[in-house]
Amino acid sequence: MVLRQVSRVDPNDNAKGGQISVMTSESVMRRRPKLTDLQGQYLAFIQAYTTLHGLAPAEADMQRFFRVTPPTVHRMVLALEQRGLLERVPGQSRSIRLLLPSEEIPRLERREKAQP
């Protein structure tokens, strides 16, 4: 772990001439927001699909795997994009690209077969 000193100016602190020094670790400064289990599974699916097929999944592929509706998949993709975890080109199919390292993506779990 690398520690780094960060100085900030606080105009309300006259005792130190308005400066605050704080020691922070690199990992804290670069930390990504925590993922829900489902968000992690979507990222894991995108990674696995891309590795197997050589191209990103379509939203329909995610819909079939997770057994959800098209709007549900689309909302998840938009949420992951908004959190900075993936990027895509709106209106272009199979344009999803993950923006976090592989080691930060959880393992894809098996889905239970649907009951008749």
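Data overview
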| item | result |
| --- | --- |
| Qualifying positions in the range 73-90 - assigned to a helix (DSSP H, G or I) and among the small types (G, A, S) | A79 |
| Pick from the range 54-88, criterion more than 16 Å from A44 (Cβ to Cβ) and in contact with a strand residue (DSSP E or B) (Cβ under 9 Å, 6 or more places away or on another chain), ranking: surrounded by the most Cβ atoms within 10 Å (Cβ to Cβ) | R88 |
| Residue list for the range 102-116, restricted to those being part of a loop (DSSP other than H, G, I, E, B) and either in contact (Cβ under 8 Å) with a residue 24 or more places away in the chain or assigned by TED's automatic domain parsing to the domain that holds F45 (or both) | I105, P106, R107, L108, E109, R111, A114 |
| Filtered residues of the range 37-53 (kept if β-branched (V, I, T) and either crowded, with 16+ Cβ neighbours inside 10 Å or at pLDDT below 95 (or both)) | I46, T50 |
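The values are calculated or read from the model by the stated rules, or taken from the named source; none is laboratory data. From a predicted model like this one, the values you see are computed outputs, not experimental measurements. No Cβ is skipped: glycine too gets one built from the backbone with ideal geometry, and neighbour counts run over all protein chains shown.
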